[in-house]
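So the structure is just underneath, and the comments pick up after that.
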Amino acid sequence: MATLAALDRDGARLEIDSKHADALRAALRGSLLLGGDPGYDESRSIWNGMIDRRPALVARCVGVADIVACVNFAREHGIALSVKGGGHNIAGLAVANGGLLLDLAPMRGVWVDPAARVAHAQPGCLLGDVDRETQLHGLAAVLGFVSATGVAGLTLGGGFGYTTRRFGWTTDNVRSMTMVAADGRIVRASEKENADLFWGLRGGGGNFGVATNFEYTLYPLGPEILGGAIAWRAEKAPEVLELFRTMVFEAPPELALIAVLRPAPPAPWIDKSAHGQPVVALFVCYTGKVEDGEKLIAPIRAIGSAVGDIVQRRSYVSQQSLLDATQPKGRRYYWKSEYLPRIDKDMTDAAIKHAAGIMSPHSAIIFFPLKGALNRLSADHSAVGNRDAAAVLNIASSWEKAEVDVANIEWTRAVWRDMRRFSTGGTYVNFLTEEDTGDRIQAAYGKNFQRLVDLKTKWDPTNLFRTNKNIEPVR
Ligand SMILES: Cc1cc2nc3c(=O)[nH]c(=O)nc-3n(C[C@H](O)[C@H](O)[C@H](O)COP(=O)(O)OP(=O)(O)OC[C@H]3O[C@@H](n4cnc5c(N)ncnc54)[C@H](O)[C@@H]3O)c2cc1C
């Protein structure tokens, strides 16, 4: 009997009769790939080049029926199951060694209803796919900062971006989701249908099923906004971050300011003499009237001596991809992150001190603002919680060669150990690395954790969906 070597959900060896794999292939509209097949390596490769895992089978799903067939196959044969949306998760949660990988990349449809101000997005969509379609109508969903990120992982874990101060978490702006449950059923969740599940899907990651559709609320925004970035040499960091601190939450929520400390990339908008030198940069996005934004940011420009300034009228789509070039697929990445209750001078001073020791030209210490709409909902409004957070601190390391993995990871951890004292105690589930399990997952959910355990026990009692920041069911 010909068999296929695989791993089960606990990582133990598993032999699957090849005729079962053939039957799955025949049942799919998309393709089923084995190691060596054209497309196999493309499907298993993800954004973080540190992750190199080999699934036993890759199903390139083109529709919900393919997803149902794969979920049923995984449940019946005991093979590990993983789901790849945009493949951007830093922990590599899209791919399980020896498992069945559901690659949703072929499912990138977006349907916009401009009158109702909603968009439906399929689970293989990248953020840029949704922006591109919604912006045709001068509308936008609440999404993140890098256009190649997958909507699925981002939304299921919470999601924040330039418009979060105005509108809250991405999940606060989802009207419904549809998913394939562990038993193969197609289930829709909204405030009115399966409300318990809807609560959990808004933050609980891929723990409950494979999402097949996201229904987003859209807001009138763009197509033209005021946005871009301004950079100064690191000597200016105390002055720049002082202004940042005083402005970031005082300004109307239409203004998002992101502060970044890092060596300057060789970007054409930055003076050549500063390339590779430590800089401080503010990324600016104002989604109100451009003229009002110009006035609001005048004090930032008044600092003077910038080594680059590309804040200008631009399309919202171009703003949404401004950071893309700094985050190429395949480089090595390691992050440590915390939610901050406010941004104090001692936090920015500590960040400036640590930035002086950055080891790689690609690494950065970043403050993302959140404060605004999301803090106005109760902590248990949905699973994502963390409604006491005013900002996200991310110590984002990135480098090229495996030989310097240890040094870069150690540097990141050392900075985090120091900066942790400023945390709310919570951390963003979507920024957790491979090693962040157990108490770090609990920290991501705080008081919502136990309710998630109860939901998991109800919806996925055998923990079929476990290649994620896993919430274990009670057995
Ligand atoms: C460069 C970069 C920029 C980022 N910027 C932001 C940002 O601005 N805001 C923000 O909030 N986050 C941001 N993130 C974090 C991002 O939200 C997470 O990495 C998220 O997991 C990415 O989703 P994905 O679909 O690309 O991930 P994948 O790696 O494909 O999947 C991540 C997890 O989600 C699960 N999953 C994927 N699709 C489905 C599905 N259809 N159903 C069920 N489970 C599924 C996977 O199984 C896995 O557990 C960024 C990440 C990167 C790398």
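Calculated translational diffusion coefficient of segment 275-426 (4 °C, 1.567 mPa s; Stokes-Einstein with Kirkwood radius over alpha-carbon pairs) equals 73 µm²/s.
A straight chain from Arg475 to Glu191 at 0.36 nm per residue would run longer than the Cα-Cα distance by 99.4 nm. Taken per residue, the accessible surface of segment 231-302 reaches 43 Å², heavy atoms only and a 1.4 Å probe. Taking only the C-alpha atoms of segment 219-356, the Rg (one decimal) and the largest Cα-Cα distance, Dmax (whole number), read 15.0, 41 Å.
Taking all protein chains into account, the per residue accessible area for segment 47-133 stands at 31 Å² (1.4 Å probe). Across segment 269-280, coupling constants 3J(HN,Hα) worked out from phi with the 6.51/-1.76/1.60 Karplus curve, θ = phi - 60°, read 7, 9, 3, 4, 5, 9, 4, x, 8, x, 9, 10 Hz, and Gly and Pro carry x. For Val392, the residues whose modelled amide H falls within less than 5 Å of its own, excluding neighbours fewer than 5 places apart on the same chain, are Leu340, Phe368, Leu370. Segment 369-442: which GluC sites (Glu not before Pro) are DSSP loop and have at most 16 other beta-carbon atoms within 10 angstrom? Sparse-neighbourhood loop GluC sites (Glu not before Pro): Glu400, Glu434, Glu435. In terms of distances greater than 21 angstrom between alpha carbons, the cross-link table entries Lys336/Lys456; Lys272/Lys353; Lys84/Lys329; Lys353/Lys469 yield Lys336/Lys456; Lys272/Lys353; Lys353/Lys469. Near Leu4, the amide H atoms lying under 5 Å from its own belong to Ile16, Asp17, Ser18; only residues 5 or more places off or on other chains count, and H is placed 1.01 Å from N. Taking only protein heavy atoms and a 1.4 Å probe, the accessible area of segment 323-475 is 54% carbon and sulfur. What segment 365-475 shows is 42 Å² of accessible area per residue, with the surface traced by a 1.4 Å probe over protein heavy atoms.
For segment 1-133, a Kirkwood hydrodynamic radius built from all Cα pairs, placed in the Stokes-Einstein relation at 20 °C and 1.002 mPa s, yields a translational diffusion coefficient of 139 µm²/s. Over the chain, DSSP H runs of length four or greater, each weighted -39,500 (n - 2.57), average out per residue to a 222 nm ellipticity of -7500 deg cm²/dmol. All other residues whose Cβ lies under 9 angstrom from that of Glu472 are scored, Lys and Arg at +1 and Asp and Glu at -1, for a net of +3.
Sequence-distant contacts, meaning Cα pairs under 8 Å at least 6 residues apart, place the relative contact order of the chain at 16 percent.
Taking every alpha-carbon pair under 8 Å whose residues sit at least 6 apart, segment 398-472 reaches a relative contact order of 22 percent.
Shown in residue order for segment 79-93 are the 3J(HN,Hα) couplings computed by the Karplus curve 6.51 cos²θ - 1.76 cosθ + 1.60 at θ = phi - 60°: 6, 4, 10, 9, 10, 10, x, x, x, 9, 5, 5, 7, x, 5 Hz (x for Gly and Pro). The value obtained for segment 354-398, namely the Cα convex hull volume divided by the number of residues, is 83 Å³ per residue. What is the Cα centroid distance between segment 264-298 and segment 366-437, reported in whole angstrom? Going from one Cα centre to the other spans 23 Å.
Taking amide H atoms as placed 1.01 Å from N in the peptide plane, the amide H of Ala140 lies under 5 Å from those of Tyr219, Leu221, each 5 or more residues away in sequence or on another chain. Short to long, the 10 Å bins of the Cα pair-distance histogram for the chain hold 4, 21, 31, 26, 13, 4, 1, 0 percent of all pairs. For segment 17-108, the dipole from Cβ point charges (+1 on Lys and Arg, -1 on Asp and Glu) about the Cα centre works out to 160 debye, to the nearest 20. State the percent of C-alpha pairs, over all pairs in segment 277-350, separated by a distance greater than 20 angstrom. For segment 277-350, the share of Cα pairs beyond 20 Å comes to 54 percent. With R₀ fixed at 22 Å, the C-beta to C-beta distance from Ser315 to Ala116 puts the FRET efficiency at about 0.40.
For segment 1-81, carbon and sulfur atoms together expose 50% of the accessible surface, with a 1.4 angstrom probe and every protein chain in place.
Listed values for segment 404-410 are Karplus-derived 3J(HN,Hα) couplings in whole Hz (6.51 cos²θ - 1.76 cosθ + 1.60, θ = phi - 60°), namely 9, 3, 4, 4, 5, 5, 4, and x replaces Gly and Pro.
The values are calculated or read from the model by the stated rules, or taken from the named source; none is laboratory data. Just so we're clear, the structure is a prediction, and the values are computed from it rather than from any experiment. Reconstructed Cβ throughout: ideal geometry from the backbone, glycine too, with neighbour counts over all protein chains shown. To get the accessible areas, we keep the full protein, side chains included, count just its heavy atoms, and leave off ligands, DNA and RNA. Shrake-Rupley method; radii C 1.70, N 1.55, O 1.52, S 1.80 Å.
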